[in-house]
Each structure stands twice: as C-alpha cells, then as structure tokens.
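Shown next, in structure tokens, is the structure this report addresses.
All of the numbers you see were taken from the coordinates with simple rules; none came from a lab. Note that the structure is a prediction, hence the values are computed from the model and not measured. Neighbour counts run over all protein chains shown; Cβ positions are idealised from the backbone, glycine included.
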C-alpha cells in the first residue's frame, strides 16, 4: 500500500488527506480538552430543529472521533480497489488508466475531507451544546450542506472522468 502522504501521491490528494488527518486530530484534542469540564450527562442527539432530544454520558463524545477514524479507514481502503472494478463513465484503457485512477483517488480524498469537515463541525457544535452553550447552527443546515457538497463533488469528478 502506497503511503497516503508520500511524495508519490499527487499534491492535491496529499493535501486533502493531510487536512482530513488534521481534522481528526483536532477532534481528539477537543475531546481531551473539554472532557473534564463537561457535566456527566450531556446531549447525545439533536433533532432537525437543533434541540437535544436524547441524553447520555460524556463518554459518548468518543463516538464522533471513532466514526471519523472509521470513515478515514473506509475511504483510504477504497483506494486499494483495482481500477478494473471502478464504475467509470468512460471505458478503462491503458491510455486513460492513470488519469482515471488519479481522478477517482482525488474524488475519494475530496469526499473524505468534506465528511471530516462535517464531522468536526458537528462535534464542535455538540461540545458547545454539552457545555451549556447554544449550538452554532440550527435546523439541519449542516446536513443539507453535506449532501449538496457530496452531490457537487461527485458530479464534478464524474464529468471530469
């Protein structure tokens, strides 16, 4: 497996991978920075209106960084799928193989980065709500932005292929 931050990985993909890792590390720093200052009972789920609708222990804070690591491993694992199994809009030939593989790997890195931004923002908002501050944004807007970003990225890279 090629190291995902090595100089053999294209610069854009390497930057996106590094930013995704940085966002996961920031989640872990936030967990350890806030953990002891939070009450034992914190909100663990929010409705579309932004209000907490389920409560639990502060150990639940480890869920978001855990999910982020899972997504990181999932997206990085998808890079290992041979190009012959990609569902591309153009037939795979020896001439376009390298371009299609780079395009697909960059798309995966971009999608991972967007998911990590969403997870980190969600986690920050969760910490604010748990520490008795108000959530930063209400009414499901982050989910709408996430879905629009995923759709836009997918459309861009499929058209570019």
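Determine if the range 83-105 includes at least one residue that is surrounded by 12 or more Cβ atoms within 10 Å (Cβ to Cβ), assigned to a helix (DSSP H, G or I) and in contact with a strand residue (DSSP E or B) (Cβ under 7 Å, 6 or more places away or on another chain).
no
How many residues are touching a helix residue (DSSP H, G or I) at 6+ places or on another chain (Cβ under 7 Å) and closer than 30 Å to residue 104 by Cβ if we restrict to the range 43-76?
8
Given the condition in contact with a strand residue (DSSP E or B) (Cβ under 9 Å, 6 or more places away or on another chain) and not in a helix (DSSP H, G or I), answer yes or no: does some residue in the range 57-75 qualify?
yes
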